[in-house]
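> Encoded as structure tokens, here's the structure I'll be asking about.
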Amino acid sequence: MSEPLIQLFNLSKKYSVGEVFVEALRGISLVINRGEWVAIVGASGSGKSTLLHLMGLLDSPSAGRYLLDSHDATGLSNDARATIRNKKIGFVLQNANLLARHTAIENVELPLIYDGVSAKLRRERATAALTTVGLAHRFDHWPQQLSGGEQQRVALARALVNNPTLILADEPTGALDSRTGGEIIALLQHLHRMGHTIIMVTHDPNVAQHATRILSIGDGQLVSDEVVAETMNGTARDTQRVTDESRVSQ
Ligand SMILES: Nc1ncnc2c1ncn2[C@@H]1O[C@H](COP(=O)(O)OP(=O)(O)O)[C@@H](O)[C@H]1O
Ligand SMILES: [Mg+2]
């Protein structure tokens, strides 16, 4: 049965820049169910990141209503938003943004420190997350000793370590070459199969095709909402499965 995770009702966002307002989102309404993998596409400046930030409780809408997991998340304080974010949402951005003076596993443990998790449990959960992304052999490496793709996998592990309901990714392959980007997509496929809900912004149609649904945004509005054909998706998944499993068992 489909269960709504995200419900947006006529959501708008205006930014004020000096004397003028920029209308970044203009009345977006949509429902995303648990277990979906949604790609958000659209031209630069169309409002993709703004939409992702609102869904991820990094910012508040100017108008409209947002239900996350059936709870009203529209008018929450910064603190309340941060608390829900830490519990339910994992973010991946274009750049991994790892702390240079911390090892891979310490970077992954960070969100758990904010949550007050004990050192022992932190290590266990970070170990599991790094193993999921195929980096079990890189725990004690420094960020600068890792390739761009490996750094992004550490960022993905950091996003996963809280076992979030929702994974949000803004151009997760944008800074990577196509082969390394493909590895990140294969990992997202793996996470989707494990049951995670994923929402990913991308400007690359080839990347978007791996999702199960594509939302197209133009000038702050929803332009199209299409379900990706099962066959395309299934084929892509079948070819990636072997790679995934070999990586996870490393
Ligand atoms: N913090 C901000 N302050 C002012 N304007 C912003 C801000 N963030 C985004 N915008 C503007 O809102 C519009 C949508 O931006 P954004 O959501 O980043 O688009 P996209 O991710 O699709 O490139 C753009 O016109 C952008 O310049
Ligand atoms: Mg953007």
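The values are calculated or read from the model by the stated rules, or taken from the named source; none is laboratory data. Source: prediction; values computed, not measured. When we count neighbours, we look across all protein chains shown, and the Cβ atoms used for this are built from the backbone with ideal geometry, even at glycine.
> Just need a number here: residues in the stretch 113-136 that are touching a Lys or Arg at 6+ places or on another chain (Cβ under 8 Å), buried (at least 17 other Cβ atoms within 10 Å of the Cβ) and in a helix (DSSP H, G or I).
Number satisfying all stated conditions: 2.
> Restricting to the stretch 31-43, name every residue that is on the phi < 0 side of the Ramachandran plot and within 13 Å of ligand 2 (Cβ to nearest atom).
40, 41, 43
> Another question, then. Starting from the stretch 100-111, keep only residues that are assigned to a loop (DSSP other than H, G, I, E, B), then list their pairs with residues that are among the charged types (D, E, K, R) whose Cβ atoms are within a distance under 7 Å, requiring at least 6 positions of separation or different chains.
Short answer, once both residue conditions are applied: 103/140.
> Of the residues that sit in the stretch 168-209 and are touching a Phe, Trp or Tyr at 6+ places or on another chain (Cβ under 6 Å) and within 19 Å of residue 42 (Cβ to Cβ), which one is nearest to ligand 1 (Cβ to nearest atom)?
So, considering only residues that are touching a Phe, Trp or Tyr at 6+ places or on another chain (Cβ under 6 Å) and within 19 Å of residue 42 (Cβ to Cβ), the one nearest to ligand 1 (Cβ to nearest atom) is 168.
> When you look at residue 180, is it out of contact with any His (no Cβ under 7 Å at 6 or more places or on another chain), hydroxyl-bearing (Ser, Thr, Tyr), within 23 Å of residue 141 (Cα to Cα) and more than 16 Å from ligand 2 (Cβ to nearest atom), yes or no?
Yes, satisfied.
> Among (1) modelled with pLDDT of 95 or more; (2) within 16 Å of ligand 2 (Cβ to nearest atom); (3) of a type in the set (A, V, I, L, M, F, W, C), where does residue 207 come up short?
Residue 207 satisfies every listed condition except (1).
> May I ask you to say which residue of 225, 219, 204 is among the charged types (D, E, K, R), without any contact (Cβ under 8 Å) to a residue 40 or more places away in the chain and surrounded by fewer than 22 Cβ atoms within 10 Å (Cβ to Cβ)?
When all the criteria are applied, what remains is 204.
> Taking the conditions exactly as written (within 16 Å of ligand 2 (Cβ to nearest atom) and more than 20 Å from residue 165 (Cα to Cα)), does residue 46 satisfy them or not?
Taking the combined requirement at face value, the residue satisfies it.
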